[in-house]
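One structure is given here, and the rest of the page talks about it.
No lab work stands behind these numbers, since they all come straight from the coordinates. Remember, predicted model here, so these are calculated numbers, not experimental data. When we count neighbours, we look across all protein chains shown, and the Cβ atoms used for this are built from the backbone with ideal geometry, even at glycine.
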Amino acid sequence: MTHIVLFPSVLGVRQGVLDAADLLRDDGHEVLVADPYDGRVFDDYDEASEYEDTIGYPELMRRAVDVVKDIPDGFLTAGFSNGAAMAEHVATQRKVNGVVMLSGALDITILGAESWPAGTNAQIHTAVDDPFRDQAGIDAVIAQVRAAGGTVEAFDYPGAGHLFTDRSRAAEYDPSAAELLWSRVRQFCAAQVAA
């Protein structure tokens, strides 16, 4: 199969991230779970964001690129929320075969890139009423991927859960939406490997 690098949300490497990695490993992929927060895990978004601010976005992006330095070109990147931005950033710095953005998508120009990497395919997954949903960012990424000759699929899910695939986030978790999301992600990953 292939290497997949998985970036967590601002809450850190919670059980939902580890579960996602195991699911992808079940398909034969070699999955590296990145930990840009040095082992810190949070339950509260505000507290996590305060900690993230002490690191700074430029440093987080540097850490994201550093994580993949020993992985051969052609891997996939994926990330939850601001981890999706890290996955995007890595794709602008390295040759990847695809990018999966879970509960987040950031206009690539905000990351300092002039354009999406040529021919790189992507998926975007977001809950319709997610309080952190950035429709302008989603629309920008869709346009940027298409302009660069890649294909992009953007999927909306019912509900307001931000990390709706994480069963440890009881107030956000949606098992039906999570099952559908992972079926789509697994198909995407398999297709990028076969391409």
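The relative contact order of the chain, computed from alpha carbon pairs under 8 Å that lie at least 6 residues apart in sequence, is 18 percent.
Which FRET efficiency value, to the nearest 0.05, is calculated for A190 and R62 with the Förster distance at 22 angstrom and r the Cβ-Cβ distance?
E between A190 and R62, to the nearest 0.05, is 0.10.
For the chain, list the DSSP H helices whose alpha carbon atoms reach 27 Å or more along the long axis and whose average Kyte-Doolittle value is -0.5 or above?
175-194
So if we plug the beta-carbon distance of D27 and T54 into 1/(1 + (r/R0)^6) with R0 = 25 Å, what FRET efficiency do we get, rounded to 0.05? E between D27 and T54, to the nearest 0.05, is 0.10. Under Stokes-Einstein, with the Kirkwood radius over Cα pairs as Rh, the value for segment 1-44 at 10 °C and 1.306 mPa s is 148 µm²/s. The order of the peptides 104-110, 43-49 by mean Cβ neighbours within 10 Å, most packed first, is 104-110, 43-49.
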